[in-house]
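Student: Here it is: the structure, laid out below.
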Protein chains: 2
Amino acid sequence: MATPRPRGRRPKSAGDTRTAIRVAAGRLFADVGLDQTSLRALARAAGVDPSLVLHYFGSKERLFFEVMRATMAPDMESVFAPSRGRGEIGERLVEAFLMRWDAVGDGSAFSALVRAGMTNERVRELLREFIESDIRRRVAARIGGSDVDFRVGLVATQLMGLGFARYVVHLRPVAGASPGALVAAIGPTITRYLGRPLAAAPHTPRGPRAGPLGRPPSP
Amino acid sequence: MATPRPRGRRPKSAGDTRTAIRVAAGRLFADVGLDQTSLRALARAAGVDPSLVLHYFGSKERLFFEVMRATMAPDMESVFAPSRGRGEIGERLVEAFLMRWDAVGDGSAFSALVRAGMTNERVRELLREFIESDIRRRVAARIGGSDVDFRVGLVATQLMGLGFARYVVHLRPVAGASPGALVAAIGPTITRYLGRPLAAAPHTPRGPRAGPLGRPPSP
């Protein structure tokens, strides 16, 4: 066993410090929410000086969003990885969404995100930015087309609503459903939003694009 | 012009009183939210005694939910009315949803509902009750089947997410889209959740049910 390190400020690498801050923040945000988490409490939980939190993350809101993005991001990579063989993109995305959020604090992380989004304009802004540029860029690289913004927006409505029903309202048939049942039911919605023709979409001139995203529509 | 009535407590019919309370509540809840609205402020805005608010509505939470339901309810009647000729059920439902919430305080009413749902367990309970029994009953009368709970839950995820993206987060492509574009894009999702076979739904034995709800699946 390693010798226990002394408590208080202790030397750490930059990577260690960032990780310590992120882990402590993840716990505090999920437990008490963004608004109730002070910079001081955050720094104390991470065992660092408050100035380091600002140094590495800029603001409490940005740190909050970093933590949320870390929750969502890694599987995004695999969902949008090109030439991935298995299944349709919609099913992969719903599965990745559920695997991430189901795992984190029994849905409390998603609640924390929604609560912060409700009360904090800066968080709303970061969330918009994440969807409208981060996610959009990945989707655009896969499907192109002039209505990609609208399509990404549609995907966001369905996934945010899934999270809201499952983790916040705890709507019984959604909170109690198996990930598999939700993937099977909601996956095709996402696939259609990303790849199938949308009747009377706001921008019409598009080429066929169902090809790269999966099988043709099932009957 | 009618003679102005004296301010303060004034005799009203029960119907007048209920309406006055509902109207005042709708304004206050949308402006400052459920938690910031005191029973006393509510009664003052409605020009009635606080005891009357409790007499007619039981609790502040129940009044809040009555107001929200009044926002949603009337068009539900027409959406679920049997033998209605025009369009598919999904398109009618998305259109009714947008017509209602777009009209009320520029989306602030929906925000108030979400905020209250986040912070108040009693409101969450009433919201669950509304979806799991009110809406469920209407849907069950139309489509039957053993998986009606799951289907209603799926519809709730899509509509709550639409409201969240359009009225709370103000995601540009969703907040800026015309109702028509959203109806065309999201309507078929709802129709599928309510009437089309869901691959690997949690309960499988069902008869065909696309018939009463609209056209067969488009290619």
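Student: Quickly run through region A:135-151 and pick out the residues that are in contact with a Lys or Arg (Cβ under 8 Å, 6 or more places away or on another chain) and either among the β-branched types (Val, Ile, Thr) or under 15 Å from A:Met76 (Cα atoms) (or both). If you could, list the steps in order and put the result at the bottom.
Tutor: Filtering region A:135-151 for residues in contact with a Lys or Arg (Cβ under 8 Å, 6 or more places away or on another chain) gives A:139, A:143-149.
If the condition is that a residue be in contact with a Lys or Arg (Cβ under 8 Å, 6 or more places away or on another chain) and either among the β-branched types (Val, Ile, Thr) or under 15 Å from A:Met76 (Cα atoms) (or both), then A:Val139, A:Ile143, A:Val148 are the ones that fit.
Student: Only residues that are closer than 17 Å to B:Val168 by Cα, facing chain B (nearest Cβ under 7 Å) and either in contact (Cβ under 8 Å) with a residue 12 or more places away in the chain or open to solvent by 10 Å² or more (accessible area, probe 1.4 Å) (or both): list them for region A:160-173, please. It would help to see each step written out before you state the result.
Tutor: Within region A:160-173, the subset closer than 17 Å to B:Val168 by Cα is A:160-165, A:168-169.
Then drop every residue that is not facing chain B (nearest Cβ under 7 Å), which leaves A:160-162, A:164-165, A:168-169.
Passing the criteria: A:Met160, A:Leu162, A:Phe164, A:Val168.
Student: Would you confirm, using the coordinates I've provided, whether A:Val94 is within 11 Å of another protein chain (Cβ to nearest Cβ), open to solvent by less than 20 Å² (accessible area, probe 1.4 Å) and more than 20 Å from A:Ile190 (Cβ to Cβ)? Steps first, answer last, please.
Tutor: Values: within 11 Å of another protein chain (Cβ to nearest Cβ): yes; open to solvent by less than 20 Å² (accessible area, probe 1.4 Å): yes; more than 20 Å from A:Ile190 (Cβ to Cβ): no.
Taking the combined requirement at face value, the residue does not satisfy it.
Student: When you scan region B:20-121 for helices (runs of 4 or more DSSP H) that lie fully inside it, which ones turn up with 1 or more residues that are in contact with a helix residue (DSSP H, G or I) (Cβ under 7 Å, 6 or more places away or on another chain) and in contact (Cβ under 8 Å) with a residue 60 or more places away in the chain?
Tutor: Details: elements: B:39-46, B:50-57, B:60-80, B:89-103, B:108-119.
In region B:20-121, B:60-80, B:89-103, B:108-119 are the helices (runs of 4 or more DSSP H) which contain 1 or more residues that are in contact with a helix residue (DSSP H, G or I) (Cβ under 7 Å, 6 or more places away or on another chain) and in contact (Cβ under 8 Å) with a residue 60 or more places away in the chain.
Student: Still on this structure, I have one more. Can you go through A:Arg137, A:Arg124, A:Arg151 and tell me which one is free of Cβ contacts under 8 Å to residues at least 12 places away in the same chain, in a helix (DSSP H, G or I) and over 20 Å from B:Arg115 (Cβ atoms)?
Tutor: Values: A:Arg124 fails: over 20 Å from B:Arg115 (Cβ atoms); A:Arg151 fails: free of Cβ contacts under 8 Å to residues at least 12 places away in the same chain.
Just one listed residue meets the conditions, A:Arg137.
Student: Looking at B:Gly195, B:Gly176, B:Gly144, B:Gly180, which one is over 19 Å from the mean Cα position of the chain (by Cα), open to solvent by 10 Å² or more (accessible area, probe 1.4 Å) and more than 10 Å from every other protein chain (Cβ to nearest Cβ)?
Tutor: Working: B:Gly195 fails: open to solvent by 10 Å² or more (accessible area, probe 1.4 Å); B:Gly176 fails: more than 10 Å from every other protein chain (Cβ to nearest Cβ); B:Gly180 fails: more than 10 Å from every other protein chain (Cβ to nearest Cβ).
Sole residue among the options that is over 19 Å from the mean Cα position of the chain (by Cα), open to solvent by 10 Å² or more (accessible area, probe 1.4 Å) and more than 10 Å from every other protein chain (Cβ to nearest Cβ): B:Gly144.
Student: Which of the residues belonging to region B:136-186 are of a type in the set (A, V, I, L, M, F, W, C) and more than 17 Å from A:Gly161 (Cα to Cα)? Write out each step before concluding.
Tutor: Going through region B:136-186, the residues of a type in the set (A, V, I, L, M, F, W, C) turn out to be B:139-141, B:143, B:148, B:150, B:152, B:154-156, B:159-160, B:162, B:164-165, B:168-169, B:171, B:174-175, B:177, B:181-186.
Residues satisfying the conditions are B:Val139, B:Ala140, B:Ala141, B:Ile143, B:Val148, B:Ala177, B:Ala181, B:Ala184.
The values are calculated or read from the model by the stated rules, or taken from the named source; none is laboratory data. Bear in mind the structure is a predicted one, so any value in this text is a computation, not a measurement. A quick note on method: Cβ atoms are made from the backbone with ideal geometry, for glycine too, and the neighbour counts reach across all protein chains shown. All accessible areas refer to the heavy atoms of the entire protein, side chains included, with ligands and DNA or RNA removed. Shrake-Rupley method; radii C 1.70, N 1.55, O 1.52, S 1.80 Å.
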